[in-house]
Amino acid sequence: ISTSKRHHCGSSNTNNNNNGLLYGWVQDANGEWEWEEDDPNFVPEPIIEQAVGGDGTAVAVTTTATATPSLPSGSFRPKQSLGQNFLRDGNTVAKIIRYFILDASRTIIENDSLEQIRAVELGPGAGALTNTLVSTLSDLGATSFQCIEIDPRSIELLGEKHPDLRVNHMDVLQVDYPDMAEEEGSPLSIIGNLPYYITSQILFALADASHFNAVRSATVTMQYEVGQRIVAKSS
């Protein structure tokens, strides 16, 4: 699945002046829909907005496009059995992380909390989001970041790149978010490029966890068609 068929749920909205089309998508001459940022000539300006720092105070956060990780030749291909799809567009990565930081920060501020972001990435894969998250969260002074990954290849690759990163080797559908939040001492902020075949199960699990105040926010990507169904008006 290419990034042009993915949808950022955390920042989605319908545009009433454009026949209900999703914001951030453009249609090419062949009628195909793609991210604005997938344009090879598109160069985004650094985005500076307010986020929550490690001590709970507001700080400026800047996200810029970076190159996605290059994978070992011939030895690291996405596994269809795991529903893997690796992000390749640096602009898309920057956009996802920008909204993750803002989503997480807003929910902390709305709750009048002085806590830092407790970040959890679901299915980091080759680390397209992870690499930028590590540096972005470090710049914010946030010290709580961990990943959930089932693929041993990914765990080995992430361990080599980020020796201090906590990577839990487990099935994302088996995560006990209330227990994890209790261990962290605060609700979690979730980010992830979701496996396409278990998107619904993950969303239901996150929704259930939010009722226990275990998940504060979730900023995820999913198949475009799934995103359409989520934001569709009820009939």
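Observations on the model:
- Point-to-point label distance, residue 233-residue 168, nm (Cα→Cβ direction, 7 Å offset): 4.1 nm
- Put simply, the amide H of residue 150, placed in the peptide plane, has neighbours under 5 Å in 170, leaving out anything fewer than 5 places away on its chain.
- Backbone HN-Hα couplings from phi across region 197-212 [Karplus 6.51/-1.76/1.60, Hz, Gly and Pro as x]: 8, 10, 4, 4, 4, 5, 4, 5, 5, 5, 5, 4, 5, 5, 5, 9
- Built amide H within the under 5 Å cut-off of residue 118, gap 5+: 189
- Amide H within-cut-off set for residue 194, under 5 Å, with H built and near neighbours excluded: 221
- Convex hull volume per residue, computed on the Cα atoms of region 124-180, equals 82 Å³.
Every number in this text was worked out from the coordinates using simple rules, so none of it is lab data. All of these numbers come straight from a predicted model, not from anything done at the bench. With ideal geometry, Cβ positions are generated from the backbone for all residues, glycine too; neighbour counts draw on all protein chains shown.
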